[in-house]
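Coordinate-derived values only; no laboratory data. All of these numbers come straight from a predicted model, not from anything done at the bench. Because the Cβ atoms are built from the backbone with ideal geometry, glycine has one as well, and the counts that use them run over all protein chains shown.
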Amino acid sequence: MCKINLDYQSASPLDPRVAEFAERFLSSDFGNPSALHSRGLAAKTALEEARAKVAELINAESPESIVFTAGVTEANNLAVRGAALRSAAKGKKLLASLIEHISVLNPMKDLLKGGFDLTLVPVDSMGIIDLAALEGLLSKETVLTSVMYANSEIGTIQPIKEVSDLVHEKGQFLHVDGAAAAGKIPIDVQKDGIDLLTLSSNDLYGPQGAGALYVRPGVRIQPVLFGGGQEKGQRPGTENLYALAGFGEAARLAKLEKAEESLRLQAIRDGLIKEILKIEESYLTGHPTKRLPHHASFRFSRIEGESILLTMDAMFNIQVSTGSACSSRTLEPSHVLLAIGLRHEQAHGSMVMTLGPENNPDQIAAIIHATKKTVERLRALSPL
């Protein structure tokens, strides 16, 4: 029985080409970018080349607008806390969509201890932000609004340009979590009017433990870590040269290949959605068309998502998800699914499939068979 990975949202494999490119930074080219001798200067050059590649992926104005971090959680904390604290004199109101990742919501909630006010903006049943509600909540005291580019649990893509227009008309800065979307769909920070954008290396098939924050020229943020002067003082600490060089190469490959790969994965995704929705009492979660090309998410009545995950893994060697990997161990219903109007018992029956380079159309039949058998088996055992 062949293993089929359908959980690329929680972890993505390192692209072999990226591994080959970056390996030398673990062995021969291991310099500290802050050192002034030849080895350090070579490391600094490699770091700046990576920065330029990441900037190009999102059409940043310049490589100087990219701040490297140890991951997207750190980047989100730096964006949220850094922008809010630096702009506190202008106001202390924060806005975020109800379906933001917890690495955005939790830093915002922590800022409440310092006198900030947080309001969560509703979304519709497909996960699209309510633009009218957003417009009504914005004011010049709203120093930061956070709306993710696309949601990793339901795949829905947000109308970021419309959000940006509203934020800049009535508020201050827009932060966008781009981790789930980058490398899957085009992101243009200049065209979209994004002030702060966070990215993840691993979601681009780069090394784990690397992330980035784009800061639009003219936007000022306050550091949340203190130490040396690395990353222009925004993120002190010796840079992880291997991970960041790999991040840059992964970004370069994503820019070259994302359009073709997204079309390939979308065809597989659509085949899965079409067949799985034939199962009795199965429902698509998220928007049917405005969704990530590699993402298919469902809910099934009268069974638990954790049971789906475990059965698909143990009986069919197929790995799926049942929500965000960062909160799946809580066994609480997903805040994203509750935000789109599902009841607790409905939200518990979710299954998320995210596709990657190892998936192909020949796997569709096996995936459909496994899903049908899993649902049948669990429903036969269910007291509901």
0 to 90° range, to nearest 10: angle between helix 160-170 axis and the chain longest Cα axis: 50 degrees
Stretchable slack from Lys373 to Leu256, in nm (0.36 nm times residue separation minus alpha-carbon distance): 38.2 nm
Cα-based helix-to-principal-axis angle, 102-111 vs the chain, degrees rounded to 10: 60 degrees
Candidates Gln190, Gln208, Gln234, ranked by Gaussian network fluctuation over the chain, Cα under 10 Å, top entry: Gln190
Degrees separating the helix 305-316 axis from the principal Cα axis of the chain, which is the longest one: 80 degrees
Residue of Phe247, Phe316, Phe173 that the Gaussian network model of the chain assigns the largest fluctuation, springs spanning Cα pairs under 10 Å: Phe316
Charge dipole (debye, nearest 20) of segment 16-253; +1 at Cβ of Lys and Arg, -1 at Cβ of Asp and Glu: 680 debye
Label-point separation in nm, Phe30 to Glu48, each point 7 Å along Cα→Cβ: 2.5 nm
Exceeding the 26 Å Cα-Cα cut-off - candidates Lys3/Lys274; Lys184/Lys232; Lys140/Lys191: Lys184/Lys232
Extension gain from Asn59 to Lys109, taking 0.36 nm per residue of separation minus the Cα-Cα distance: 14.9 nm
Contour excess over end-to-end distance, with Cα ends at Glu275 and Glu20 and 0.36 nm allotted per residue: 87.9 nm
Sites Ala133 and Ser38, calculated FRET efficiency, Cβ-Cβ separation with R0 56 Å, nearest 0.05: 0.50
Shape category assigned to segment 16-253 from the gyration tensor of Cα positions, a/c cut at 1.5: prolate
